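Below is one structure, written out as structure tokens; comments come after it.
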Amino acid sequence: MNVEEKPKFENEQIKRQKIFIDKIKKINDEYAEKTGKRKTMFISTFGCQMNAHDSEKLEGMLVEMGYSYADEEKNADFIIYNTCCVRENAENKVYGNLGYLKRQKKLKPNLKIALCGCMMQQDSVIQKIKESYKQVDIVFGTHNIYKLAELIYTNLETNSPVFDIWKEHGEIVEDLPSVRKYKFKAGVNIMFGCNNFCSYCIVPYVRGRERSRSSADIINEVNALVNDGVKEITLLGQNVNSYGKNLKEKITFAELLREINKIDGLERIRFMTSHPKDLSSELIYAMRDCEKVCNHIHLPFQAGNNEILKRMNRNYTKEKYLEIIEKIRSEISDIAITTDILVGFPGEGDKEIEDTLDVIRKARFSGAFTFLYSKRTGTPAAVMEDQVSEADAKRGFNRVLQTLNPIIFEINSQKLGKTYDVLAEEASPSDTGFIKGRLRDNSLVHFKADESVVGNIVNVKITECKTFYLIGELV
Ligand code: 5AD
Ligand code: SF4
């Protein structure tokens, strides 16, 4: 595919930010010359893979500005919290940390504190920060992370707090520098935002409407990553199945997968997240046909009861969900299906949970993220009448886990004695001498090997099964 000429806006923004990056680099270089040490940075990331990916871009920009890495947050000169607001406890953690940073800043007046990410897109949060967390220097949102250098520069020049939050997204700015956590695998944004407005979810309010990147930009990025040693990519979006809907070019997610599958040197393609309502047969066929697309799909179902699903605004029924699972399994027999389950949505009692348990038994998930419903101000569910008590929600949650975990263990156990392709990812922090890796179906395996295998795809024979991971040996 040809490299498309970039829209003018992007080029201008990148040029403009480069000027600010250079200015800060000069300041940081001078500081290093004078003091013999570099200014250091520390980024804390909360929430999903999208945030993790944004943090890689923040890191890339900070490295270009001449910051080095702090070993710990308390030793850093520049701290960024890239925040999440999907559940209340993620927000509380940020406030808790900010309380601690207030004391740190008293000890170290030159410490700079920046906040960004989804939490910052909410007016109530901004108000609270302005009133109660005056030690914060820079605040920006999800739509303008590319402006980091300019915001830092403005703060240094004016020596007063800088708030820059956009309600609406601008154009997608391409080609930001980025520091990847892993050399051999990378996330690639294919779209931003979400139009689904599930009634419990704050994401559409803080990440804005769906917009897709052009396929040329995506393919150029994947090519560049592969040339740089990447073997596995994960295509990222809140709802990847509706990729392409707002683009001028006519392209679907299934077609994009087929294009990316042609890229030489790329070994594995993953994607997340899929919404069941948009999962087309065309996508299932593309997954079946494309040898690089891994045999795994993450397909959140949230709840099994049709009345609850309706009130969640999910746009599918339990029967429809199970039908999709059956269709996927009939085309791709060895596929692993994982899911998200939300427990304690308003009106969900013991009877409704039965339907969730029924889906778990029938769909036979290989893994699941289970969440207790968290009330998010501004969403329709927050003002629904029949909110569930914490005790009832927890009881439902435990029943979900009791049903899920034995099935996950059973599915894992079927791998015993078999050999699989594993991408070796990193040394296991808990098991010395062991490496953590992933099968194509996304199962996690620990196996004995030295760190030289990291980044390679190796053969591992499964020797033991636990509920949440496998143990194996190199063959
Ligand atoms: N409370 C708890 N979990 C939530 N999720 C989204 N909104 C909420 C909420 N208000 C979960 C959903 C979604 C995942 C990313 O987060 O299960 O799939
Ligand atoms: Fe939230 Fe629903 Fe959009 Fe997922 S699809 S981000 S749960 S609104």
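The values are calculated or read from the model by the stated rules, or taken from the named source; none is laboratory data. Quantities reported herein were computed from a predicted structural model and do not represent experimental measurements. Here the Cβ positions follow ideal geometry from the backbone for every residue, glycine too, while neighbour counts run over all protein chains shown. SASA here: full protein model, heavy atoms, side chains in, ligands and nucleic acids out. Shrake-Rupley method; radii C 1.70, N 1.55, O 1.52, S 1.80 Å.
The figures follow:
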quantity	calculated
Percent RCO, i.e. relative contact order, over the stretch 235-335, from Cα pairs under 8 Å lying at least 6 residues apart	26
Ser374 accessible area, assembled protein chains, probe 1.4 Å, Å²	20
The chain - percent relative contact order, Cα under 8 Å, separation 6 or more	10
Spacing of the two label points (7 Å from each Cα toward its C-beta) at Arg38 and Asp289, in nm	4.8
Segment Ser452-Thr370, length gained on full extension (0.36 nm per residue, minus Cα span)	26.0 nm
Subset of Lys26/Lys128; Lys26/Lys102; Lys23/Lys134 violating a 30 Å alpha-carbon distance limit	Lys26/Lys128
Value of D in µm² per second that Stokes-Einstein yields for the stretch 419-474, Kirkwood Rh from Cα pairs, at 25 °C (0.890 mPa s)	231
Lys, Arg +1 and Asp, Glu -1 on Cβ, resulting dipole of the chain about Cα centre, debye, nearest 20	860
For q = 0.07, 0.08, 0.16 Å⁻¹, Debye-computed log10 I/I(0) when each Cα of the stretch 185-413 counts as one equal scatterer	-0.24, -0.31, -1.15
Neighbourhood net charge (12 Å Cβ-Cβ; Lys/Arg +1, Asp/Glu -1) for Asn97	+2
Derived scalar couplings ³J(HN,Hα) [the stretch 53-64; Karplus, 6.51 cos²θ - 1.76 cosθ + 1.60; whole Hz; x for Gly, Pro]	5, 4, 5, 5, 6, 4, 4, x, 5, 5, 5, 5
Violating pairs (Cα-Cα greater than 32 angstrom) within the set Lys185/Lys310; Lys105/Lys147; Lys34/Lys74; Lys245/Lys436	Lys185/Lys310; Lys245/Lys436
Table column - 3J(HN,Hα) (Hz), the stretch 300-311, Karplus curve with 6.51, -1.76, 1.60, x for Gly and Pro	x, 10, 6, 7, x, 7, 5, 5, 5, 4, 5, 5
Sparse-neighbourhood loop sites, GluC sites (Glu not before Pro) in the stretch 257-366 - DSSP loop, at most 13 other Cβ within 10 angstrom	Glu291
Accessible area, probe 1.4 Å, largest first, for residues Lys327, Lys418, Lys15, Lys106	Lys106, Lys15, Lys418, Lys327
Cut-off 11 Å between beta-carbons: net charge of the residues surrounding Lys108, Lys and Arg +1, Asp and Glu -1	+4
Rg/Rg_ref, the stretch 34-78, where Rg_ref = 2.2 N^0.38 Å and atoms are Cα	1.24
Largest-first ellipsoid semi-axes for the stretch 8-164, taking √(5λ) over the Cα gyration tensor eigenvalues, angstrom	23, 20, 14
The stretch 8-164, relative contact order in percent, only Cα pairs under 8 angstrom and at least six apart counted	22
0 to 90° range, to nearest 10: angle between helix 123-132 axis and the chain longest Cα axis	50
Angle between the chain longest axis and helix 88-107 axis [Cα atoms, degrees, rounded to 10]	20
Volume of the Cα convex hull of the chain, divided per residue and given in Å³	159
Per-pair calculated FRET efficiency, R0 = 45 Å: Tyr69 and Ser333 via Cβ, rounded to 0.05	0.50
